[in-house]
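Okay, so here's the structure we're looking at.
Readers should treat all values here as calculations from the given coordinates under stated rules, not as data from a laboratory. All figures in this text were calculated on a predicted structure; none of them were measured in a lab. Quick reminder, even Gly has a Cβ in these numbers, built from the backbone with ideal geometry, and neighbours come from all protein chains shown.
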Amino acid sequence: MPEAPYPNPPPALPRPPSTARERTQLEAFLVLRRNPLELWGPAAYQRDVLYGRFLGREQIMLNDPDAIRHVLVANNENYGRNIGTKRVLQPVLGSGLFLAEGAAWRHQRRTVAPALAPRTMPILARHVVLATEEAETELDRVAGGRPVELLPHLQRLALTVAGRSMFSLEMAEFGAGMRALLMRYARRYAQPGFLDLLLPASVRSPLDIGRAAFRAEWLRFVDGLIDARERQAERAPAERPPRDLFDLLAAARDPETGAGFSRAQLRDEVATLIIAGHETTAATLFWACYAAAKLPEHQERIAEEAAAADLSPGNAAAALKGLRYTRAHVDETLRLYPPAFLIVREALGPDTIAGRRIAPGTVVSVSPWVLHRHRRRWRNPDGFDPARFLPGAPPPDRYAYMPFGAGPRVCVGAQFALTEATLVLARLLRAFRIELFGSGTVVPRGFVTTQPDRPVRFLLTRRAH
Ligand code: HEM
């Protein structure tokens, strides 16, 4: 039987207001731009499959495990990334792993996956602990009884971990510039405009023109990162950075053509992995801290567990399996606040989903946000209850809980993210008691990832050991 260490019934944490009725197309478009998490009405959380039409395209949204498996796994070759996703992400991710398709995707995936596989986790764990120690010192300095906005600290920490562990790069020099560029892009271009969704892929939308100009600036920035990494590699052999993901990418040869990655491909790969590798994990950590602050009893459990573990750089990977409450807290955070709140595909050819014929061009979506709060898939769907994920609890259905997606395009960094989030949370809550500062509800907002709708400040108090 699972242990029940938490209050019963588990409390619900804030979510955006939901609509009592289905929305008109215009309303849906406006909501999509304001906060996509407000898009879905009650039916979305109750039905298995939803059909609709939006801006002239057939839409189908899946909550049914078999239908999800069909699209993301069994017949995944019939489903590509949709035009909205490509328009928005291509200027920053280019043809890196996230957007690559066909043979190019297979080659990239085979090159990148081994560097992020479970056996590499001890190296990652070491980087995570060292970077978290630095973040703790910084938090000591800035907090000192004053409220602190945690999210930027968590973003910096996740960026440091991504830069060091994948590319042996210190991000202190680049972090602020990179985040400023990404924020500018997100504010201006990350939400699809009307014409982005309406125009065929071959026609540039007005926003695409600004996006192209941004891409030129962005590529110069990523070039600077790669130059720094290459300069580092040229220094005295003794100082040569360890064999990392960058080395693997630079050494990879296409199995069919024998060609290496060009500079342009290398740029897109580095950009993809750095962005995908830190933004989502930082959002997870933010919501995990937020939930811990709202639920002090949960927080104390984690702090106790972390205090009993040896979380030193050399031992952290081995200590992970003892961090069951911390990990369950992270898993539950990923259920209620999945950073990737929407997974979208476009049908390339005709198919049948859940007994219904669908035409090429149909937009098929699975929303981890909706699925993870679905009335038929979860008991007390809105309640924050990490006990669901403790050892001994019945595991959730593979296609009812999927913060990292599923099938061949499942997140390549899932292990990386879980290791990092669990260790950072354990270290932070071992070091500090975290409370929310001020009143006011924090509403999750779908803005590239699941973000708080406003800056959120916390009071941090050093724990005595
Ligand atoms: C909590 C953190 C994370 C979450 C919630 C997350 C979520 C996801 C999801 C849902 C997908 C699948 C998208 C789809 O099927 O359309 C995905 C793909 C991907 N993720 Fe993550 N991710 C996280 C962390 C990471 C990290 C740490 C890295 C890199 C180190 C990473 C790199 C990628 C890449 C490259 C892809 C594309 C894979 C492919 O298409 O083959 N992610 N992620």
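Note: relative contact order over segment 60-202, using C-alpha pairs below 8 Å and six or more positions apart, is 27 percent.
Once a ≥ b ≥ c are taken as the square roots of the eigenvalues of the Cα gyration tensor of segment 402-465, is the result rounded (a/c under 1.5), prolate (a/b larger than b/c) or oblate (a/b not larger than b/c)?
Values: a/c = 4.44, a/b = 1.38, b/c = 3.22.
Because a/c hits 1.5 or more and a/b fails to exceed b/c, segment 402-465 counts as oblate.
Counting beta carbons within 10 Å around each of Ser262, Ser312, Ser367, Ser439 and listing the fewest first gives the order Ser439, Ser262, Ser312, Ser367.
Let a ≥ b ≥ c be the square roots of the eigenvalues of the Cα gyration tensor of segment 205-314; is it rounded (a/c under 1.5), or, if not, prolate (a/b larger than b/c) or oblate? Oblate, since a/c reaches 1.5 and b/c is not below a/b. Fewest to most neighbouring Cβ within 10 Å: what's the order for Ile123, Ile302? Ordered by Cβ neighbours within 10 Å, fewest first: Ile123, Ile302. Computed on the Cα trace of the chain, the radius of gyration divided by the Kirkwood hydrodynamic radius gives Rg/Rh = 0.95.
May I ask you to derive the relative contact order of the chain, considering only C-alpha pairs under 8 Å and at least 6 residues apart, and to give it as an integer percent? Present the calculation step by step, with values, prior to reporting the outcome.
Working: 693 pairs, mean separation 136.9, N = 465.
Relative contact order for the chain comes out at 29 percent.
Note on Leu55 and Asp453: with the Förster distance fixed at 25 Å, the Cβ-Cβ geometry gives a FRET efficiency of about 0.45.
Sequentially through segment 17-23, phi angles give Karplus couplings (6.51, -1.76, 1.60; θ = phi - 60°) of x, 9, 8, 7, 10, 6, 8 Hz, Gly and Pro residues having no value and appearing as x.
What is the order of Cys289, Cys411, fewest Cβ neighbours within 10 Å to most?
Numbers: Cys289 26, Cys411 18.
Going from least to most buried by this count: Cys411, Cys289.
Each other residue within a Cβ distance under 14 Å of Gly224 adds +1 if Lys or Arg and -1 if Asp or Glu, for a net charge of -1. On the beta carbon distance between Ser202 and Asn315, with R0 = 56 Å, the FRET formula returns roughly 0.55. Remark: spin-label model distance Met183-Ala103 equals 4.4 nm, labels positioned 7 Å along the Cα→Cβ axis. Taking amide H as placed 1.01 Å from N in the peptide plane, Arg457 has its amide H under 5 Å from the amide H of Phe437, each at least 5 places away in sequence or on another chain. Measuring between their Cα centroids, segment 149-183 and segment 363-440 lie 23 Å from each other. Less than 5 angstrom separates the built amide H of Phe432 from those of Arg463, all sequence-distant by 5 or more or on a different chain. Between amide H atoms placed 1.01 Å from N, distances below 5 Å from Ile358 occur with Asp351, Thr352, Ile353, all of them 5 or more places distant or on a separate chain.
Would you please put 134-143, 218-227, 195-204 in order of how densely packed they are, using the mean number of other Cβ atoms within 10 angstrom per residue and starting with the highest? Let's see the in-between values first.
On the way: 134-143: 14.9, 218-227: 16.4, 195-204: 13.0.
Ranked by mean Cβ neighbours within 10 Å, highest first: 218-227, 134-143, 195-204.
Using the Cβ-Cβ distance between Ile209 and Glu170 with R0 = 41 Å, the FRET efficiency computed as 1/(1 + (r/R0)^6) comes to roughly 0.70. Note on Arg146 and Glu256: the extension gain reaches 33.8 nm, defined as 0.36 nm multiplied by sequence separation minus the Cα-Cα distance.
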